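**Student:** My structure is below; once you've seen it, I'll send some questions.
The values are calculated or read from the model by the stated rules, or taken from the named source; none is laboratory data. Note that the coordinates shown come from a computational prediction; the quantities given were computed from them, not determined experimentally. Here the Cβ positions follow ideal geometry from the backbone for every residue, glycine too, while neighbour counts run over all protein chains shown.
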Amino acid sequence: MILSGGPASANEFSHELSRFSYLLKLGVPVLGICFGHQLIAKLVGGEVRRGKGEFGRTFIEVVRDDPLFRGWGRREYVWMSHRDYVAKLPSGAEVLAISEQGYVAAFKVRDSLIYGVQFHPEVKHTPKGIKLLENFLELAGVRRDWVPTNYLSRIINEVRERVEPGAKVLAAVSGGVDSTVAALLVKKALGSDRLVAVLVDHGLFREGEVEEVLSNLRRVGIEPLLINARDRFLSRLWGVRDCEERRRVIGEEFAKIFKEVAESDPSIKYFLQGTTYPDVIESGFEEGADRIKSHHNVAALPKWLGLKVLEPLKYLYKDEVRRLGELLGVPKEVIKRHPFPGPGLAVRVIGEFTPEKLEIVRRASKILEEELRRAGIYEEVWQAFAVVGDDRWVGVKGDSRAVGYVVTLRVVLSEDAMTADWARLPYDLLDKVARRITSELDNVTMVTYAITSKPPSTIEPC
């Protein structure tokens, strides 16, 4: 059993710990991660307190040999995200590792296979985290027989069983790997004549992206219906300062368009979305998860849409979707394409949403991507984009005073979008990008680089 992390505090459950005491009496191996680590500590009589907090890359020191840490050195980097910490353990538990703050980073209940780790071994940014999980599975004697091909067959069969005979599926496609893989799964399950793919141009795509998306979808045998809805979206977004409100407006407008398409063909009974698990978690739609930011493709479809929702990728992470895409023959350009939010560039403008700021983000992002490709780095990073807000910076252009916007570059490394670290780009590359942006965009006088990981930040600004 694995007890995962989460936003709750173990101290919130002090008055009802008996509800969870059975977890340690099942006679099965248990691994508690972050909140799970703290909960186990409370269950065995330990103490949990609020501390300084540890976020992102953190050193730990392994202080006791244990099979769980086989293959680890004495000092290793891990990825943390917590404020509460285990301050004290009873004699029935032994400390296996401590953090640089002196907190308990790992412990074991004596004479058992019950462990707690404060860090997150499941994320890429804990370099030896997968090794720790492999060690736990070996200790637990778990049979490891999950393979992508089996899951692919399972999803296809589930779609066939769920969709009633003769009914069509309306698929919202954006050109990204998630929506492309979801559409291909339905096409494979039901046939191309029962898939109605729709690409909505909301005016918030990157430069040249609509043409690129159409080309890539046609390469995999999907001919989408292209709907030019730029005026519909942008007319409702100009002047909106709150990013969550922008997300709401965009989700509502998408739903209206899909309703119109469905009404044009009575055989359309289902609506397909490329929702993945990070979308579900960040929207707070899974029990125990906190809402970080809403995603228009999660629990945002109004009942008046009148379509049954299909989300075949709902419990997969991006790296798993990409593996399915490879099995389905999705082109490398789509699989390696940087993730792009459904609300598009609307979530990369902070403060008042204006045509000027939208164009800055679009052009600055294009410059950044071009230089990353020229440097051969584009495919090595998870996402790379520009952000603009309301801040201004006094500059000098043509020997004259110029007051322009501040553009922030965000380039991160990740595997599943649940965590991310900032990319250590070469200084010469950053210099070239900054000089191009300030030279080619008259209304920009300052370029900055975001160097905060997720957590405590998120990847997208809002």
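**Student:** Which of the following residues is modelled with pLDDT of 95 or more, closer than 24 Å to Pro331 by Cα and in the same structural domain as Arg322 (by TED's automatic domain parsing): Val196, Val240, Val220, Val261?
**Tutor:** Val196
**Student:** Here is a further query. Can you confirm whether Ser174 is modelled with pLDDT under 95 and in a helix (DSSP H, G or I)?
**Tutor:** When the stated conditions are applied, Ser174 does not pass them.
**Student:** Which one of these does Ala420 not meet: (1) at pLDDT 95 or above; (2) under 30 Å from His120 (Cα atoms)?
**Tutor:** (1)
**Student:** Another question, if that's okay. Name every residue in the stretch 197-233 that is among the aliphatic types (A, V, I, L, M) and touching a helix residue (DSSP H, G or I) at 6+ places or on another chain (Cβ under 8 Å), in order of residue number.
**Tutor:** Hits for the stretch 197-233 are Ala197, Val198, Leu199, Val200, Leu204, Leu217, Val220, Ile222, Leu225, Leu226, Ile227, Ala229.
**Student:** Next question. Taking the condition of being aliphatic (A, V, I, L, M), modelled with pLDDT of 95 or more and assigned to a loop (DSSP other than H, G, I, E, B), how many residues in the stretch 323-360 meet it?
**Tutor:** 1
**Student:** I'm told Lys454 meets every condition in (1) over 20 Å from the mean Cα position of the chain (by Cα); (2) closer than 19 Å to Pro343 by Cβ except one. Can you identify the failing condition by its number?
**Tutor:** Single failed check for Lys454: (1).
**Student:** Hey, another quick one. So is Leu133 in a helix (DSSP H, G or I) and of a type in the set (A, V, I, L, M) or not?
**Tutor:** When the stated conditions are applied, Leu133 passes them.
**Student:** Looking at Val142, Val104, Val147, Val48, which is the one that is among the aliphatic types (A, V, I, L, M), surrounded by 20 or more Cβ atoms within 10 Å (Cβ to Cβ) and at pLDDT below 95?
**Tutor:** On inspection, the qualifying residue turns out to be Val48.
**Student:** Scan Asp178, Asp193, Asp201 and give me the residue that is exposed (fewer than 13 other Cβ atoms within 10 Å of the Cβ) and within 24 Å of Phe258 (Cα to Cα).
**Tutor:** Just a single option satisfies the conditions, and that option is Asp193.
**Student:** Filter the stretch 10-45 down to residues that are basic (Lys, Arg) and at pLDDT 85 or above and give me whichever is nearest to Ser91 (Cα to Cα). So that I can check it myself, show each step before the final result.
**Tutor:** Filtering the stretch 10-45 down to residues basic (Lys, Arg) leaves 19, 25, 42.
Now restrict to residues that are at pLDDT 85 or above: 25, 42.
Details: Lys25: 18, Lys42: 13 Å.
Filtering the stretch 10-45 for residues that are basic (Lys, Arg) and at pLDDT 85 or above, the one nearest to Ser91 (Cα to Cα) comes out as Lys42.
**Student:** Among (1) under 26 Å from Lys25 (Cβ atoms); (2) charged (D, E, K, R); (3) outside any loop (DSSP other than H, G, I, E, B), which single condition is Glu76 missing?
**Tutor:** Going through the list (1) under 26 Å from Lys25 (Cβ atoms); (2) charged (D, E, K, R); (3) outside any loop (DSSP other than H, G, I, E, B), Glu76 breaks only (1).
**Student:** Here's a follow-up. Considering Leu234, Leu185, which residue is assigned to a helix (DSSP H, G or I), over 20 Å from Leu345 (Cα atoms) and in the same structural domain as Glu158 (by TED's automatic domain parsing)?
**Tutor:** Answer to the check: Leu185.
**Student:** A further question follows. Would you mind stating whether Glu54 is among the acidic types (Asp, Glu), in the same structural domain as Glu122 (by TED's automatic domain parsing), under 28 Å from the mean Cα position of the chain (by Cα) and under 26 Å from Ala420 (Cα atoms)?
**Tutor:** Working: among the acidic types (Asp, Glu): yes; in the same structural domain as Glu122 (by TED's automatic domain parsing): yes; under 28 Å from the mean Cα position of the chain (by Cα): yes; under 26 Å from Ala420 (Cα atoms): yes.
So Glu54 fits the description; yes.
**Student:** Would you check if there is a residue in the stretch 249-256 being in the same structural domain as Arg322 (by TED's automatic domain parsing), of a type outside the set (D, E, K, R), free of Cβ contacts under 8 Å to residues at least 40 places away in the same chain and surrounded by 14 or more Cβ atoms within 10 Å (Cβ to Cβ)?
**Tutor:** Taking every residue of the stretch 249-256 in turn, at least one turns out to be in the same structural domain as Arg322 (by TED's automatic domain parsing), of a type outside the set (D, E, K, R), free of Cβ contacts under 8 Å to residues at least 40 places away in the same chain and surrounded by 14 or more Cβ atoms within 10 Å (Cβ to Cβ).
**Student:** Report yes if Ser400 is farther than 24 Å from Leu204 by Cα, polar (S, T, N, Q) and free of Cβ contacts under 8 Å to residues at least 12 places away in the same chain, otherwise no.
**Tutor:** For Ser400, the condition - farther than 24 Å from Leu204 by Cα, polar (S, T, N, Q) and free of Cβ contacts under 8 Å to residues at least 12 places away in the same chain - is met.
**Student:** Then there is this: Just a yes or no: is a residue in the stretch 108-131 under 25 Å from Asp416 (Cβ atoms) and free of Cβ contacts under 8 Å to residues at least 40 places away in the same chain?
**Tutor:** At the first step, the residues of the stretch 108-131 found to be under 25 Å from Asp416 (Cβ atoms) are 115-131.
Checking which are free of Cβ contacts under 8 Å to residues at least 40 places away in the same chain leaves us with 130.
Yes.
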